[in-house]
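One structure is given here, and the rest of the page talks about it.
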Amino acid sequence: MIEKRKARKITPTFRDAAEQAHAERKDGFRNPKHSAQWITTLREYAYPDFGNLPVDQVTGPVIVQAVKRIWTTKPETARRTLQRIGTVIAWAAAHGYREHEAPMKSIRMGLPPQTKAKKNHAATPYVAAPALATKLWAGKIPSAVRRFAFSY
């Protein structure tokens, strides 16, 4: 029975599966920007490597190779892209295009450690805050620093 169903079902490419998964999920995003970012990361970082592969042929090593390019240079984007690839693979499994989901834990083991996030600037000591604020308001500090200081 399963073999007959498989024979009748045409397996979409990863690109087609991602576009379909996104179309089904886009109403659940908090805002249009997030929805656009979701599919854009796949278009930029997954499609070039395996977008034309049938979704059932996207394997762990293929995913590792694609994500490794940005894993250490754009860590947050890479983590989100990997998560979104996993979502597309899970969507494909749920729709019968794959036998199982991608082994995301194994895929992460194939990636190098990511660098630590940069630390924030040191805070101004409490007693020095009034003098700093006076200088900022008086324009004695460059505008780029003023913009940063008051962006909170």
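Just a few scattered comments:
- For residue 46, neighbours were defined as the other residues whose beta-carbon sits under 13 Å from its Cβ, and their charges (Lys and Arg +1, Asp and Glu -1) total +2.
- Options 90, 132, 39, ranked by Cα towards positive dipole end of the chain, top entry (Cβ charges): 132
- Cα gyration tensor category, rounded, prolate or oblate, for the stretch 87-130 with a/c compared to 1.5: prolate
- Solution diffusion estimate, µm²/s, Stokes-Einstein, the chain, Kirkwood Rh from C-alpha pairs, 25 °C, viscosity 0.890 mPa s: 132 µm²/s
- The mean sequence distance of close C-alpha pairs (under 8 Å, at least 6 residues apart), as a share of the length of the chain, puts its relative contact order at 22 percent.
- Against the chain, whose longest principal axis comes from its Cα atoms, helix 75-94 is set at around 30 degrees.
- Amide H contacts of residue 13 (H built 1.01 Å from N, in plane; Pro and chain starts excluded): 55 sit under 5 Å, all sequence-distant by 5 or more or on other chains.
- Pairs beyond 25 Å (Cα-Cα), from 33/74; 33/116; 9/105; 74/135; 68/105; 74/119: 33/116; 9/105; 74/135
- Taking amide H atoms as placed 1.01 Å from N in the peptide plane, the amide H of residue 95 has no partner under 5 Å among residues 5 or more positions away or on other chains.
- Within the accessible area of the chain, the carbon and sulfur atoms contribute 56%, probe 1.4 Å, all protein chains present.
- Highest-first packing order for the peptide set 11-22, 68-79, 128-139 is 11-22, 68-79, 128-139, based on the mean count of other beta carbon atoms within 10 Å.
- Relative to the longest principal axis of the Cα atoms of the chain, helix 129-138 runs at roughly 90 degrees.
The values are calculated or read from the model by the stated rules, or taken from the named source; none is laboratory data. Small disclaimer: the values here were computed from a predicted structure and weren't measured. Note: ideal-geometry Cβ built from the backbone for every residue, glycine included; neighbour counts use all protein chains shown. Surface accessibility is based on the protein's heavy atoms, side chains included, excluding ligands, DNA and RNA. Shrake-Rupley method; radii C 1.70, N 1.55, O 1.52, S 1.80 Å.
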